[in-house]
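The values are calculated or read from the model by the stated rules, or taken from the named source; none is laboratory data. Everything numeric in this text was worked out from a predicted model, so none of it was measured. Ideal geometry is used to build each Cβ from the backbone, glycine not excepted, and the neighbour counts take in all protein chains shown. The area values use the complete protein model at the heavy-atom level, side chains included, leaving out ligands, DNA and RNA. Shrake-Rupley method; radii C 1.70, N 1.55, O 1.52, S 1.80 Å.
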Amino acid sequence: MDAITEDIAESPEAMVTGDRSLLLVEDDKLFLQRLARALEGRGFVVKIAETVSDGLQQVNTAPPAYAVVDMRLADGNGLDVISALKKRRPDARGIVLTGYGNIATAVTAVKLGAFDYLSKPADADEVAAALLATAEKKTVLPENPMSADRVRWEHIQRIYELCDRNVSETARRLNMHRRTLQRILAKRAPK
């Protein structure tokens with residue numbers, strides 16, 4: 001390895017200097033469009049994909065410098081896109097977004113090449129900060145993170161929406177009594 005290559009290997013931000021190509025892979029169309037517009041406004045050249053297969057195709061065609069990938073997509077796991085990107089372009093930075101954050105999936109994401117891991121809902125500022133952070137200075141924890149009650153409520157709401165607002169099906173999938181779920185759904189979102 002020559003001196004220039006060694007400097008690049010030690011300085012992650014040098015790897016992507018000038019190249020602001022970004023691939024967004026997300027199956028929530030509204031969130032995808034808003035995030036794409038917001039990141040374009042921050043100087044990224046954004047391409048979008050709504051499925052793992054479309055994301056893999058775009059990675060194989062023109063691997064971007066950055067990627068923001070939802071973990072769970074309709075046709076598979078977003079980590080496949082991160083893994084393929086790291087193989088095609090080792091200097092790329094991939095961020096994994098998920099509504100189902102836990103330590104095991106975060107560790108898996110990082111092992112497969114993700115630079116960072118953010119829980120939904122993440123705004124454009126958080127995503128841009130995570131993409132542009134150096135290895136020594138990753139994103140800072142928010143001053144007022146969501147409470148555990150709020151995270152639980154958001155998860156229940158997401159499953160409820162995915163079940164087409166069917167209380168019985170949602171309760172079955174969450175392994176919860178239907179009446180308990182109805183009481184939770186009737187309350188306001190916790191702070």
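Amide H to amide H distances under 5 Å link residue 93 with 66, 67, where only residues 5 or more positions off or on other chains count and H is placed in the peptide plane. Residue by residue, the range 107-112 carries 3J(HN,Hα) couplings of 5, 4, 4, 5, 4, 7 Hz when phi is fed to the Karplus relation 6.51 cos²θ - 1.76 cosθ + 1.60 (θ = phi - 60°); x denotes Gly or Pro. In the context of the full protein assembly, residue 183 retains an accessible surface of approximately 140 Å², using a probe radius of 1.4 Å and ignoring ligands and nucleic acids. Each residue of the range 155-168 was assigned a 3J(HN,Hα) from its phi angle through the Karplus expression (A = 6.51, B = -1.76, C = 1.60, θ = phi - 60°), giving 4, 4, 4, 5, 5, 4, 5, 5, 8, 6, 6, 8, 4, 4 Hz with x at Gly and Pro. 3J(HN,Hα) along the range 74-81, derived from phi through the Karplus expression 6.51 cos²θ - 1.76 cosθ + 1.60 where θ = phi - 60°, amounts to 4, 9, x, 9, x, 4, 5, 5 Hz, with x in place of Gly and Pro. Using a simple spin-label model with pseudo-atoms 7 Å out from Cα toward Cβ, residue 148 and residue 175 lie 1.8 nm apart.
Cross-link pairs exceeding 21 Å in C-alpha to C-alpha distance, out of 29/187; 47/111; 29/120, comprise 29/187; 47/111. Positive contributions from Lys and Arg (+1) and negative ones from Asp and Glu (-1), summed over other residues with Cβ under 12 Å from the Cβ of residue 79, come out at +1.
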